[in-house]
Every structure is written in C-alpha cells, then in structure tokens.
1. Can you find a residue that is of a type in the set (Ser, Thr, Tyr), surrounded by fewer than 20 Cβ atoms within 10 Å (Cβ to Cβ) and within 17 Å of Val197 (Cα to Cα) anywhere in the range 257-277?
2. Could you grab the pairs with beta carbons closer than 8 Å, sequence gap of 6+ or different chains, first residue in the range 171-183 and in a loop (DSSP other than H, G, I, E, B), second one of a type in the set (Phe, Trp, Tyr) and surrounded by 13 or more Cβ atoms within 10 Å (Cβ to Cβ)?
3. Given (1) within 21 Å of Thr326 (Cα to Cα); (2) out of contact with any strand residue (DSSP E or B) (no Cβ under 7 Å at 6 or more places or on another chain), where does Gln145 come up short, assuming only one miss?
4. State the number of residues belonging to the range 118-143 that are assigned to a helix (DSSP H, G or I) and either at pLDDT 85 or above or not basic (Lys, Arg) (or both).
5. Within the range 10-28, take every residue that is touching a residue at least 40 places away in the same chain (Cβ under 8 Å) and farther than 15 Å from Arg65 by Cα and give me the one that is surrounded by the most Cβ atoms within 10 Å (Cβ to Cβ).
6. Given the structure, is Leu55 on the phi < 0 side of the Ramachandran plot, crowded, with 17+ Cβ neighbours inside 10 Å, in a helix (DSSP H, G or I) and outside the structural domain of Ala245 (by TED's automatic domain parsing)?
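The values are calculated or read from the model by the stated rules, or taken from the named source; none is laboratory data. Remember, predicted model here, so these are calculated numbers, not experimental data. Cβ placement follows ideal geometry from the backbone for every residue including glycine, while neighbour counts extend to all protein chains displayed.
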Amino acid sequence: MVKRIIDTIFLVITWVAIIGLVGSYTAPYVDPNVFYFSSLLGLAYHYLLIANLLLFFYWLVRWKRMAIISFLVILAGYPFLRGYYGFNSRSLPETSCDIEVMSYNIRQLNLYGNKSLKGITDYIETFKGDFVCLQEFPRKGVGLQHFPSYVDYHSKGDVAILSRRPILHRGNITFPKGCSAACVYGDIVLERDTVRVYCVHLESYRLGKKEQQIYQELRDGNSEDIQQGVRTLLQRLVLANKNRAKEATAIKNHMRKSPYPIILCGDFNDTPLSYPYHVLHEDMLDSFIEKGHGLGNTYIGEFPSFRIDHILHTPSLQTVAYTRDTIRCSDHYAIRAKILLK
C-alpha cells in the first residue's frame, strides 16, 4: 500500500518533469514575442534533464514501464545535449588551419582592477591567431594602445574586432527601439579569400544589485516575499528573451546579404536551447559542436553557468580545433577556434 502511494506521487512528479523537458525542447522554435513560456523552459533545461534522469533511475530500479517512457523522452533530446556537452576528442594545439579566432567577454577590462587589466591584455597579446572578437569592450579610452600586435580594429558600442590582418570593409548593425545589443562586422582579407566577421553582444538580463539579492535569497530560501521576488526576476528574463529574439533576427537578415563566408562570434547571453541561438545557428555550423570536448559552459559569474559564448561559421568553412580557455580574469571564459577554408 505504501509503495503504491509512493509510486503514485513519483508518477505525478515524473509526468510534470517530462512535460517540462519536452516543453524545453520547443524553446529554439518558438519566438518569445509570440509565446515566452517556452524560452523560460529552455533556460531550465539543465535542471529538467537532471530531474528526468533521476526519475528514470527510480523507475528503472522499481522495474516499471515508466522507465521506458522516461528514457525515450531523454533520448529525444540528444541533439540538444550536443550543444551543451562536447563528445569529440580533445583538440590538438598544433593543428594547422587557415584562420584562428578568439571570442572573449572581457567585462570592461579593468572592472576587477589593474591586475585583471594586465591579465586580459597579456592573454590577448599572446594569442597568435588572426583576430579577436571582444564583448563588454570599454566604450571610452581604450583602443589599440593596449594591443600593439594588432594592426587594425573596429569597435562600436561595447563590442570590438581586433585583427592582425587588414579590415577591408566595416560597419555595424542597428537594432529595434528598446534593444540594447551591439554588433559590428568587418571583412578581413586572408591569403586565399576574404571572410566577414561579426562580433555580437546580445542583450543581457541586466540584473542589478536588487535583482541579484533577490536571486541569492531565493537560492538560499531566505526571501521574505518569494512571490514578488520571482515575479521581478521573471519580468527581467521575459523582456530580455523577447529583445534578444528581435536582435538575432536583425543580425540574421544582415548576414544573408554577405558576399563572403561568415564567422560569427560573441556573447549571445543565451544557451543553445534558445530561439536567438536557433535563428543565428540556422544554415551555420557551431565550432563547439564540431570539435568541442566536455562541458562547454562559458559563463562563470554569480548566476547559473551556461554556454552562452559561441563561434559559428558558414558550412564553406570547417572547424578543426576548438578550445575553451580557463583564464579567470573576467566572468566569462575565452573560447578559440581553428578554421579551414574548404
């Protein structure tokens, strides 16, 4: 009798978890400006997956048919899991390539003080690749003086492209009113071809100290007004999700007009299970999925760690190596890719 009651409780929990996980699978395909709930489920994918795995093992131990249903639902999400965990072998550092690129959110260079400023600038200077895409680049007072080994650069807003090769043509993308993204692009001349490089920083959640305190209280279970705290956080999440969808669409429309192969780098502030990533990834390849190894998280700040920094490119290019460096001078890890011209 007791086992039957416990199984009934777990059955209800399992179906809720399954519905949530299946709902998260819809996040890449549903514009949050049409229906925002899918985007929230997409953010919860990690936790929904873990919950479903635990419930699957429960039903497996109980030797119940529900284990089969749980397994099939988890298995259906394998293509999405590849966006979070790299199943490739480790990239070899000496791999030859035509292009080597880095993308790095440097959090205003000196937010942590002069030590971080020197750590970041030294790290970028020692990178021997062709160009670097930087997000949260200081808007004033910073140029190539910190990066003497780069011969050209283009910046606008809080994004910048540093290049060891000439930038033939450059520009930036404007976004709909109310959006706070930044995106610049430049056509970089290589030995055998020209590529168009986009550096993007999609809208963040802009959680201030008040929202961060609410999140900390919710996480610790100490919030006096949980309902109001959740409502405040959800409003910020929903607004940012809607704006990023508009920003991604604007960038994709611009990319479709490019006369050259494209490399898109940046901080999307969104995971692979999101509508903005899906829009930008359409007809493109993800360097992490191509050659990434292990857990791909790139954000290491106070909030949950996800893979929100990406390097995408057109299929006429081929990633031969991908690296996530673990330098801790910012609240993001730097990512690098070696790319061949097919």
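1. Yes, the range 257-277 contains at least one residue that is of a type in the set (Ser, Thr, Tyr), surrounded by fewer than 20 Cβ atoms within 10 Å (Cβ to Cβ) and within 17 Å of Val197 (Cα to Cα).
2. Ile173/Tyr185; Ala181/Phe175
3. Only one criterion in (1) within 21 Å of Thr326 (Cα to Cα); (2) out of contact with any strand residue (DSSP E or B) (no Cβ under 7 Å at 6 or more places or on another chain) is unmet by Gln145, namely (1).
4. 8
5. Of everything passing the filter in the range 10-28, Ala27 is surrounded by the most Cβ atoms within 10 Å (Cβ to Cβ).
6. Considered against the rule, which asks whether it is on the phi < 0 side of the Ramachandran plot, crowded, with 17+ Cβ neighbours inside 10 Å, in a helix (DSSP H, G or I) and outside the structural domain of Ala245 (by TED's automatic domain parsing), Leu55 comes out as yes.
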